[in-house]
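What follows is a set of notes on a single structure, which appears directly below.
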Amino acid sequence: MVKNHKKMTVGEIVKRFIFITIGAILMAVALEVFLVPNQIIDGGITGISIVLSAITPLKLGVFLFLINLPFLYVGYKQIGKTFAFSTLYGIIVLSLTTMYLHHFEPFTNEKILAVLFGGLILGLGVGLVIRFGGALDGTEIVAILLSKRLRIPVGQIIMIINVFIFITAGFVFGADSAMYSIFSYYIAAKMMDIVVEGLDESKSVTIISNEYEEISSAIMQRLGRSTTMIYAKGGYSQTDTQMIYCVVTRLEIAKLKTVVQEIDKNAFISIQNVADVLGGNAAKADIH
């Protein structure tokens with residue numbers, strides 16, 4: 001039987017909107033105090049809004065709000081009411097803050113510093129909003145819908161969209177500004193990944209070996225990580241065996257490889273990135 005949707009507590013709602021507010025304000029600061037005064041743009045809807053605000057008398061905040069509006073309805077249909085309202089709130093805070101900061105003097109006129117600090121603050125702000133259930137740009141929603149129709153990965157669609165935006169920025173602000181913008185966008189994207197996924201990046205590891213019992217025991221004793229044994233059958237040999245599955249941090253990967261290869265040099269080891277780890281016995285045990 002499917003359980004009913006659990007409503008958020010008042011504390012959870014307050015926490016969500018506090019961090020979305022902080023994230024939206026940080027993004028506005030990055031745009032109006034670092035990037036836009038130095039003719040550096042972001043990707044997606046934000047980049048389009050910056051270009052339009054440069055060639056029209058309307059302020060950046062107006063375009064950020066108006067262009068994102070149609071995607072709120074799509075987000076409501078595709079992802080849910082909570083996401084739509086969180087996104088609407090974040091966009092309103094972002095738009096109002098950019099209008100307030102519009103006449104402030106830029107923090108620096110050195111473009112390299114603007115790229116570095118603007119990109120970092122922008123990524124931090126966007127990452128906070130995404131981590132707490134909202135969004136500040138409708139590009140991702142568009143990419144998801146196009147991906148379903150065109151059978152093209154979402155990441156490639158976002159990249160194609162941003163290429164056209166940066167080319168347009170080159171015509172409006174000049175080639176130098178377009179190139180600075182690409183670096184700023186890259187820094188922001190990396191910072192956003194750190195905020196959303198966390199600094200303590202996890203890796204999932206699958207190990208196939210005839211010495212599965214000894215390897216599993218060694219991982220638990222020498223790394224302090226729990227393991228899961230999964231039944232498997234060789235495709236060629238048709239023999240029954242056990243796969244070992246565990247989750248470790250990226251700093252533990254080298255030690256895990258050493259532990260496994262000490263026991264079985266021919267062991268098959270597959271390592272994948274893990275976006276997040278929740279529940280279960282994921283905590284690290286004491287090592288003896």
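The values are calculated or read from the model by the stated rules, or taken from the named source; none is laboratory data. As the structure is a computational prediction, the values presented were derived from the model and not from experiment. Neighbour counts are summed over all protein chains in view; Cβ atoms, including those assigned to glycine, are modelled from backbone coordinates with ideal geometry.
Side notes on the structure shown:
- For region 210-222, a residue qualifies if it is more than 14 Å from GLN261 (Cβ to Cβ) and in contact (Cβ under 8 Å) with a residue 60 or more places away in the chain, and the qualifying residues are MET220, GLN221.
- Positions within region 43-90 being under 23 Å from THR9 (Cα atoms) and surrounded by 21 or more Cβ atoms within 10 Å (Cβ to Cβ), in sequence order: GLY75, SER86, THR87, GLY90
- Against the list (1) under 22 Å from ALA189 (Cα atoms); (2) modelled with pLDDT under 90; (3) in contact with a helix residue (DSSP H, G or I) (Cβ under 6 Å, 6 or more places away or on another chain), the condition LYS59 fails is (1).
- Check on MET179, among the aliphatic types (A, V, I, L, M), closer than 30 Å to GLY47 by Cα and at pLDDT below 85: no
- If the condition is being closer than 17 Å to GLU211 by Cβ and touching a Leu at 6+ places or on another chain (Cβ under 9 Å), then region 226-250 contributes only CYS246.
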